[in-house]
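Just so you know, all these numbers are worked out from the coordinates, no wet-lab data involved. Note that the coordinates shown come from a computational prediction; the quantities given were computed from them, not determined experimentally. Glycine gets a Cβ as well: all are built from the backbone with ideal geometry, and neighbour counts include every protein chain shown.
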Amino acid sequence: MYDGTLRVECHNAGRTASGDLYQRTVRILTLPPIDPIPPLVPIPPFDPVPVPPGPVENPGSMSDFGPLLPILSGAPNPANGIPILRRSRYRYYVRVTSLPELFYRGAGFTLGFELWRYTAPNGWALESTLSARMIRMAAPTGYPSPSDYAEGDVKNATGSVVGRLTMGWLSPYYRRCSVEIDTVSGSEQPTTDAAGHTWQSVMDELGWQVDVRLSDTNVAEPSGDSWSDAEMHAAMLASRDAVNLDREWRYHVLAVKNIDSTPRGIMYDAAGTDSNNVPREGIGIPSHWTIDPGWGTVSGQRFGTASAPYFRTAIHEIGHALGLVHNFADFGFMCTSDVIAAGGTPSNPFPNNIQWSYHTDNLKQLRHYPDPFVRPGAVAFGGASSTTPAITPTDLEVDVDGLALVVTPLLGEVPIGAPVRVGIGLVNRSAQPMRVPADLSLKGDFVSGEVVDPTGNARSFRTVVRCIEDHAFMLLQPGESIEDSMTLMRGSEGALFAVPGVHEVRVEVHWDAEEMIARVEGGTTVMVTGAADADHAAAAHAVLATPDAHLVLAIGGDHLIDGIAAIQTALACSVLRPHFAAVEAKRVGRRFGHRKPDVKAVAALIDDDVVMSGTELGKLAAIVQNDAKSGATAKGLAKTLKSKAKKVTLSSAARKNVDAL
């Protein structure tokens, strides 16, 4: 038996409907022992439910306990409105294919729908195509609208009855959630544009019921007024109120003074490969950024005092927590602030030109995506798809003639347990300049991909730290290229290189091009070799079995205890040490809380044998530049980095850092 919601949207083109089904919990009830019954007394037939396979606590004989009887837990109380059900019980997305426009009139209507079975972490399969002739009747006690209720038998394609569907009206909203806002002392709470737009008005237009909770206003600053990604992540875990995401869809906003990695907002905790293994819970926004010149009437203002763009950025980042990517079809919430500011005019300057709404595509996604795509703690960021299960037409993707994506492994063979580093280059082989993304790093919006292991199993990858709220493009001239690199170890479905053998690495770059989605793809292969000895096997096991090791690679910090321990195990292994030395060097070379950067520790880790990508090399070069007190240590380290820079792919930013050594 299943519980869930069916969302029905009425619009100019007719009706759009979708739903989600969660399996009702089954409890096993132990009946009293069956005493012997005297002869000649009729015994009614009774088939006890067999004991399920597997271990049973305090097992006894049937005469001790009696038969086991399955009991379904109670259904959600309709008087409580939209139900929040356990993530682990999610089973089906209901894709409605037939719903009469005048279904609310008359005694009955026919509902046609598909059931798409969900398999974690993000697999979908069309299981059945069904229909139900729904007959209106009085609602049972508890439903908010007694006259808006119907029941009907569910039939499969052959006309056989396979179930019973009951449905009653619950709420004018499609979904419900809460937003908790914490701030450091001196940072404003992003709650309004000061002209009538609030969380309530924004979410009402979206069709989501929202409960805004203004919580802490004195979150401690760990190391001054600028926060690293790692410090943001640690503060999220420590400062937010206790919440059970199986009972409440809670999104967390943390307002701080400044963020190291971006002048504006960021969505952290995106992939579910962190300490609590829960993706898409929170966002950060900096209140003390000084707004760039040329940003209309708010140029030069402190961000937190410019209510409209400050609040809009918080909504934009929560949009990412809801599973959305950037959308440049209009100046709505999922466009970026720099693009909107550049679109201002003398008669309609920024921020007056902000469009306080979601694009129609995003509205449809947020109203009709499957629950796991939008609720916190389910599918990792980037897992939402408009094609599987389909709620909208297939994206208008076009391959761009004349552009090539060249993917090159830093090493063709790597030992099991080691991260794999690859360089990527976008090359213009046409005779015309082309507008392309200026950022090909995994912290941008544009790059994603998958790794296919020797058995054919594919696992996806994309950014862990989501949305540095900026979106730069460039004109790539004929014959020119832009280059970057990435270090791959884990995706939302697990370790990317978990078995020996040849792995195929596929990389895609997507971006908006007028009304199309431009796409360029490339690939390469990498051989993963088996364990060299018992120490190597143990170290590889530690890394592959510890999701936090990947987050240490991505954001660093001292709070990911399990991940740091796994990397220390790898560093103690002679086979894996060269592959993890740069990861640990980045971590100790950056401040965290009251711990200062330690360039001497960096220098002790980096030698000629260390394996590092161009991106990692550029970050280590920046660490050396920022520590003027290192003296001879910095000079020796700089010499090593310059030597290694000749052998790796460098982005323009990494090249600039190396050249400055």
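For this structure, a couple of remarks:
- Neighbour-count order for LEU111, LEU6, fewest beta carbons within 10 angstrom listed first: LEU6, LEU111
- With the alpha-carbon atoms of region 266-385 aligned to their principal axes, the span from lowest to highest coordinate is 44, 31, 16 Å, starting with the largest.
- Inter-label distance, SER481 to ASN348: 4.2 nm, where each label sits 7 Å from its Cα along the C-beta direction.
- Note on region 533-661: along the principal axes its Cα atoms extend 41, 35, 26 Å, ordered by decreasing extent.
- P(r) weight above 46 Å for the chain, C-alpha pairs, percent: 25
- When you restrict to C-alpha pairs under 8 Å that are six or more residues apart and normalise by the size of region 224-380, the relative contact order lands at 21 percent.
- If the convex hull is drawn through the Cα atoms of region 502-608, its volume per residue in Å³: 166
- Diagonalising the gyration tensor over the Cα atoms of region 192-234 and scaling each eigenvalue by 5 before taking the square root yields semi-axes of 30, 12, 11 Å, largest first.
- DSSP bridge orientation in the chain - percent antiparallel, rounded to nearest 5: 80
- Ranked list, fewest to most other Cβ atoms within 10 Å of each Cβ, for LYS639, LYS644, LYS600: LYS639, LYS600, LYS644
- Going from the fewest other Cβ atoms within 10 Å to the most, the residues GLU188, GLU413, GLU205 appear in the order GLU413, GLU205, GLU188.
- Mean silhouette area of region 175-374, derived from the convex hull of its C-alpha atoms and averaged over all directions, reads 10.6 nm².
- D_trans [Stokes-Einstein, Kirkwood Rh over alpha-carbon pairs] for region 396-530, 25 °C, 0.890 mPa s, µm² s⁻¹: 158
- Each stretch of four or more DSSP H residues adds -39500 (n - 2.57); spread over every residue of the chain, this sum gives -6000 deg cm²/dmol at 222 nm.
- Loop-located GluC sites (Glu not before Pro) across region 502-553 with a Cβ neighbour count of 14 or fewer within 10 Å are GLU514, GLU515, with loop assigned by DSSP.
- Compared with the dominant Cα axis of the chain, that is its longest principal axis, helix 561-571 is turned about 50°.
- Calculated on the Cα set of region 333-410, radius of gyration then Dmax: 17.6, 52 Å.
- Relative contact order of the chain, pairs being alpha-carbon contacts under 8 Å that are 6 or more residues apart, as %: 9
- Computed from backbone phi, the HN-Hα couplings of region 539-548 come to 5, 4, 4, 4, 5, 5, 8, 10, x, 5 Hz, rounded to whole numbers (Karplus: 6.51 cos²θ - 1.76 cosθ + 1.60, θ = phi - 60°; Gly and Pro given as x).
- Reachable aspartates and glutamates, given that their alpha-carbon falls under 20 Å from the alpha-carbon of LYS644 and they are not under 8 places away in the same chain: GLU413, GLU483, ASP484, GLU584, ASP607, ASP608, ASP609, GLU616, ASP659
- Against the rule of thumb 2.2 N^0.38 Å, how large the Cα Rg of region 104-226 comes out: 1.67
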